[in-house]
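Q: Once you've had a glance at the structure underneath, I'll fire off some questions.
The values are calculated or read from the model by the stated rules, or taken from the named source; none is laboratory data. Just so you know, these numbers come straight off a predicted model, no measurement behind them. Heads up, the Cβs are rebuilt from the backbone with ideal geometry, glycines too, and the neighbour counts pull from every protein chain shown.
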Amino acid sequence: MIAKEIAATLVELPTLVRLAKELKLRPMSTHDCFATRVEATAERFAERTAVIFEGQTQTWGEFNEHANRYAAAFRALGLVRGDAVSVIMENRIELLSTIVALNKLGVTAALINTNLVGRPLIHCISITNSRMCIFGEERLDAIADVRSDDNLEGIENYLFVPDATLATCPNWARDLEEDAEGEDSGNPPETGQVTLGDIALYIFTSGTTGLPKASVVSNRRFLLGASMSAKGGLKCDENDCIYLCLPLYHATGLFLGAGASFCSGAGMFIRRKFSASNFLIEVREHGATCFIYIGELCRYLLNTPEREDDYRNPLGTMMGNGLRPDVWHAFKERFGIRRVAELYGSSEGNVGFINLLNKDCTVGMTSLPMALVKYDVDADEILRDNKGHCIKVPKGEPGLLLGKIAKNTEFEGYTSAEDTEKKILRNAFNKGDAWFNTGDLMKTVDVGFAMGLSHYQFVDRVGDTFRWKSENVSTNEVGEIINGHPQVAFCNVYGVELPRADGRAGMASMVLADDVEELDIDSFSAYVNEQLPAYARPVFLRIQRDMDTTGTFKMVKGDLRKEGYDLGQISDVIYVLKPRSSIYELLDSVFAATLQAGEAGY
């Protein structure tokens, strides 16, 4: 058994060597970008399939030419290197063409969560100083509702991208397809001037609340992630097909999936949205060999009715994040997966891990400078020694992950300098040092023979953010919005665990205003539905008479998290927002039992 384990590890050595060369940092002034990779791939594999979507197929040659016509249309409208443009469009070929076309010109694409409407949508467009807004037909109503807002006066053009042609281009927008028709399909000369240091994308974090932050992604960071996926994680080439059903406005789907495809020539099968019932059907039909996942999708798939031949499919490799240990082995066995390249990282962070050695239940290793430090979860604070320094945890003990900020591990941060500074921990170990605070607990794990390389496992989110429905939910920002309801005096938002669900469900403990005897549940439900996207809405509400605080008036969450929605421990009124419902209702013992059994459908 040990010999087999050693052999399995050593077989990965060539991958490590190749990846080390690929990830060698180049100066930010180097001329390169992901659009350059698309052009090179189109030249090498012009007739091979690049992307399949809803019955449409484009070869690499066709895809590149489509992006070139878009780029020519953007140039004609006056967009130049250094500009920013907001993009809000569902997963489809035109979204990828738009992102690549903007990159060819050195224009930053601000990729907006397609679930956002109203105030959050206005905020995302305005904080990036976008000159224009490109939107899909499917988001016409959302854009129409906000475009006259004073904060969007600086938008010079709205560009409409047809979809199902159920709606026509409005008179206040331009039809991008019409503008691009007949334009030059040759590679634009501007692409050769784009550098690794140019900002390729703005990826929004905590996009589940009214105040998302735009994290800065340079071409170098994008290419590092894409290359790591293509060379080290998926190990894909032009003979592979990547199954992509994650939203491409997020880094996991775009960097690891589309990015790996751009760099390797692997084809993509893309879906607007994930469908558990269609997953294996499509994998088999299109010969998908690679799968970009998040743990929640794997849990959904594992909960579908099992068939004896589920393992008979072309999938062999998967890459993503959030695959929990209780799902890992069962998923691999049922669907015949040989390689799981689990990773850890964030769109704005300067530290990451990847499971290159194909070890089970680990996010792998890192070569980046980092530290795990002691953290008091209940008090929600970093522990320090008598000199005021952070304390590193012993091997195997959970600790808060910090990424050292240095010349080669810059923290590119957000468009907001204030938000950037909030994520930096200064003087952690020495005077003048600076570290990126990930907000995540990690620990080292024993994975057997690993050539002396430490491997790590994700433990949990801490502090003011938790994960739910594959999104980071900011408790502070959700709390601010809930406090805007006239019947709420103040509230305390936190995440609670649900059996057989990934992440934590939101729960808001609320103290009502002095003159309010009982919460108007219809009014409150309507308010939450209007102000927050579905995955940011608290699943549970707890009505309290008083709120516990610390001596510095910080709301205490430790006991509340532990009590959760347990009716046996709580005498307060608890409301629940059931799956696919828009109105909160009282939590009773029957549904509470369904929750505990993991059968509530979340």
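Q: So, of the residues in region 490-520 that are touching a Ser or Thr at 6+ places or on another chain (Cβ under 7 Å) and touching a residue at least 60 places away in the same chain (Cβ under 8 Å), which turns out to be surrounded by the fewest Cβ atoms within 10 Å (Cβ to Cβ)?
A: So, considering only residues that are touching a Ser or Thr at 6+ places or on another chain (Cβ under 7 Å) and touching a residue at least 60 places away in the same chain (Cβ under 8 Å), the one surrounded by the fewest Cβ atoms within 10 Å (Cβ to Cβ) is Asn492.
Q: Here's a follow-up. Restricting the first residue to region 553-566 and requiring it to be aliphatic (A, V, I, L, M), which pairs with a second residue that is at pLDDT 85 or above meet a Cβ separation below 7 Å and a spacing of at least six or different chains?
A: Met555/Asn492; Leu560/Asn492; Leu560/Tyr494; Leu560/Ser509
Q: Please determine, by comparing only the residues of region 521-535 that are at pLDDT 90 or above and small (Gly, Ala, Ser), which one is surrounded by the fewest Cβ atoms within 10 Å (Cβ to Cβ).
A: Ser523
Q: With respect to Lys404, determine if the residue is out of contact with any Phe, Trp or Tyr (no Cβ under 8 Å at 6 or more places or on another chain) and not β-branched (Val, Ile, Thr).
A: Against the criterion (out of contact with any Phe, Trp or Tyr (no Cβ under 8 Å at 6 or more places or on another chain) and not β-branched (Val, Ile, Thr)), Lys404 does not qualify.
Q: Do we have Glu238 as in contact with a Phe, Trp or Tyr (Cβ under 8 Å, 6 or more places away or on another chain) and either at pLDDT 95 or above or outside the structural domain of Ile52 (by TED's automatic domain parsing) (or both) here?
A: yes
Q: When you check Lys395 against the structure, is it closer than 30 Å to Lys24 by Cβ, part of a loop (DSSP other than H, G, I, E, B) and either in the same structural domain as Val85 (by TED's automatic domain parsing) or basic (Lys, Arg) (or both), yes or no?
A: Details: closer than 30 Å to Lys24 by Cβ: yes; part of a loop (DSSP other than H, G, I, E, B): yes; either in the same structural domain as Val85 (by TED's automatic domain parsing) or basic (Lys, Arg) (or both): yes.
Answer is yes for this residue.
Q: Kindly check whether there is at least one residue in region 510-529 that is of a type in the set (D, E, K, R), closer than 23 Å to Gly322 by Cα and out of contact with any Lys or Arg (no Cβ under 7 Å at 6 or more places or on another chain).
A: Looking for residues that are of a type in the set (D, E, K, R), closer than 23 Å to Gly322 by Cα and out of contact with any Lys or Arg (no Cβ under 7 Å at 6 or more places or on another chain), one finds none in region 510-529, hence no.
Q: Please pick out the residue among Ser206, Ser215 that is modelled with pLDDT under 95, over 20 Å from Asn103 (Cβ atoms), touching a strand residue (DSSP E or B) at 6+ places or on another chain (Cβ under 7 Å) and not β-branched (Val, Ile, Thr). So that I can check it myself, show each step before the final result.
A: On the way: Ser215 fails: over 20 Å from Asn103 (Cβ atoms).
The conditions single out Ser206.
Q: Residue check: is Arg542 buried (at least 20 other Cβ atoms within 10 Å of the Cβ), closer than 27 Å to Gly601 by Cα, modelled with pLDDT of 90 or more and touching an Asp or Glu at 6+ places or on another chain (Cβ under 8 Å)? Spell out how you get there, then give the answer.
A: Details: buried (at least 20 other Cβ atoms within 10 Å of the Cβ): yes; closer than 27 Å to Gly601 by Cα: yes; modelled with pLDDT of 90 or more: yes; touching an Asp or Glu at 6+ places or on another chain (Cβ under 8 Å): yes.
So Arg542 fits the description; yes.
Q: Let me ask something else. Among the residues of region 415-423, is any outside the structural domain of Phe204 (by TED's automatic domain parsing), over 23 Å from Ala214 (Cβ atoms) and either free of Cβ contacts under 8 Å to residues at least 60 places away in the same chain or surrounded by 19 or more Cβ atoms within 10 Å (Cβ to Cβ) (or both)?
A: No, region 415-423 contains no residue that is outside the structural domain of Phe204 (by TED's automatic domain parsing), over 23 Å from Ala214 (Cβ atoms) and either free of Cβ contacts under 8 Å to residues at least 60 places away in the same chain or surrounded by 19 or more Cβ atoms within 10 Å (Cβ to Cβ) (or both).
Q: Scan region 467-485 and tell me whether some residue there is free of Cβ contacts under 8 Å to residues at least 12 places away in the same chain and touching a Cys at 6+ places or on another chain (Cβ under 7 Å).
A: Residues of region 467-485 that are free of Cβ contacts under 8 Å to residues at least 12 places away in the same chain, as a first pass: 483.
If we keep only those that are touching a Cys at 6+ places or on another chain (Cβ under 7 Å) as well, we get 483.
There is at least one residue in region 467-485 that is free of Cβ contacts under 8 Å to residues at least 12 places away in the same chain and touching a Cys at 6+ places or on another chain (Cβ under 7 Å).
Q: Looking at the structure I just gave you, is Leu301 assigned to a strand (DSSP E or B) and either within 25 Å of the chain's Cα centre (by Cα) or not small (Gly, Ala, Ser) (or both)?
A: Judged against the criteria, Leu301 is not a match.
Q: Mind checking whether some residue in region 279-286 is outside any helix (DSSP H, G or I) and in contact (Cβ under 8 Å) with a residue 12 or more places away in the chain?
A: no
Q: Say we look at region 304-335 and pick out the residues that are of a type in the set (S, T, N, Q) and part of a strand (DSSP E or B); which of these is nearest to Asn355 (Cα to Cα)?
A: From region 304-335, those of a type in the set (S, T, N, Q) are 304, 313, 317, 321; that's our starting set.
This time we only want the ones that are part of a strand (DSSP E or B), so: 317, 321.
Numbers: Thr317: 12, Asn321: 10 Å.
Result: Asn321.
Q: For region 414-500, which strands (runs of 3 or more DSSP E) that fit wholly inside it have 2 or more residues that are under 19 Å from Phe204 (Cα atoms)?
A: Details: elements: 424-426, 434-445, 455-461, 465-468, 471-474, 488-496.
Here the list reads 434-445, 465-468, 471-474.
Q: Still on this model: Kindly list the number of the only condition in (1) without any contact (Cβ under 8 Å) to a residue 40 or more places away in the chain; (2) touching a Ser or Thr at 6+ places or on another chain (Cβ under 9 Å); (3) among the acidic types (Asp, Glu) that fails for Asp385.
A: Single failed check for Asp385: (2).
Q: Name every residue in region 83-100 that is in contact (Cβ under 8 Å) with a residue 40 or more places away in the chain and over 19 Å from the mean Cα position of the chain (by Cα), in order of residue number.
A: Across region 83-100, the qualifying residues are Asp83, Ala84, Val85, Ile93, Glu94, Thr98, Val100.
Yes/no matrix, rows are residues, columns are (1) surrounded by 17 or more Cβ atoms within 10 Å (Cβ to Cβ); (2) assigned to a helix (DSSP H, G or I):
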| residue | (1), (2) |
| --- | --- |
| Leu19 | yes, yes |
| Arg26 | no, no |
| Ala40 | no, yes |
| His66 | yes, yes |
| Val80 | no, no |
| Ser86 | yes, no |
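Q: Checking Val340 against (1) surrounded by fewer than 21 Cβ atoms within 10 Å (Cβ to Cβ); (2) outside any helix (DSSP H, G or I); (3) among the β-branched types (Val, Ile, Thr), which single condition isn't satisfied?
A: Exception for Val340: condition (1).
Q: Restricting attention to region 247-274, report how many residues are assigned to a loop (DSSP other than H, G, I, E, B), among the small types (Gly, Ala, Ser) and under 18 Å from the mean Cα position of the chain (by Cα). Please lay out each step first, then the result.
A: Residues of region 247-274 that are assigned to a loop (DSSP other than H, G, I, E, B), as a first pass: 247-250, 265-266, 271-274.
Then keep just the ones that are among the small types (Gly, Ala, Ser); that gives 265-266.
The next check asks that each one be under 18 Å from the mean Cα position of the chain (by Cα); those that pass are none.
Within region 247-274, residues that are assigned to a loop (DSSP other than H, G, I, E, B), among the small types (Gly, Ala, Ser) and under 18 Å from the mean Cα position of the chain (by Cα) number 0.
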